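Structure first, then comments.
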Amino acid sequence: MEEICKAIKERRLLKFRYGGIRVVEPYVYGYTRSREEVLRVSAKRIQQQWKAGMEAF
């Protein structure tokens, strides 16, 4: 949760696994009325470049 809030504040992208690797821009994090955590994001299309076997964004 702390990392998500920091990414929102600093306008950083997040990368995580969800049916494959996803890169998103988080913009809202909080709780529903029924106390479930929610995260709203904007999906980003980022061209991947490979160099020496490493992934770069």
Just one of 15, 44, 51, 9 is charged (D, E, K, R), out of contact with any Ser or Thr (no Cβ under 7 Å at 6 or more places or on another chain), surrounded by fewer than 10 Cβ atoms within 10 Å (Cβ to Cβ) and modelled with pLDDT under 90; which is it?
51
Can you tell me which residue within the stretch 3-23, out of those that are out of contact with any Lys or Arg (no Cβ under 7 Å at 6 or more places or on another chain) and β-branched (Val, Ile, Thr), is farthest from residue 39 (Cα to Cα)?
8
Hey, among the residues in the stretch 14-33 that are part of a strand (DSSP E or B) and among the hydroxyl-bearing types (Ser, Thr, Tyr), which one's nearest to residue 4 (Cα to Cα)?
29
Any pair with Cβ under 8 angstrom, 6 or more apart, that starts in the stretch 1-22 at a residue that is closer than 14 Å to residue 43 by Cα and in contact (Cβ under 8 Å) with a residue 40 or more places away in the chain and ends at one that is hydroxyl-bearing (Ser, Thr, Tyr) and surrounded by 10 or more Cβ atoms within 10 Å (Cβ to Cβ):
none
Those residues of the stretch 31-41 which are surrounded by 10 or more Cβ atoms within 10 Å (Cβ to Cβ) and at pLDDT 95 or above, in sequence order
none
Mind checking which residues of the stretch 18-27 are of a type outside the set (Asp, Glu) and either surrounded by 10 or more Cβ atoms within 10 Å (Cβ to Cβ) or touching a Ser or Thr at 6+ places or on another chain (Cβ under 6 Å) (or both)?
21, 22, 23, 24, 26, 27
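The values are calculated or read from the model by the stated rules, or taken from the named source; none is laboratory data. Just so it is clear, the structure is predicted and the values come from calculations on it, not from any experiment. In this analysis, Cβ positions are derived from the backbone assuming ideal geometry, glycine residues included, and neighbour counts consider all displayed protein chains.
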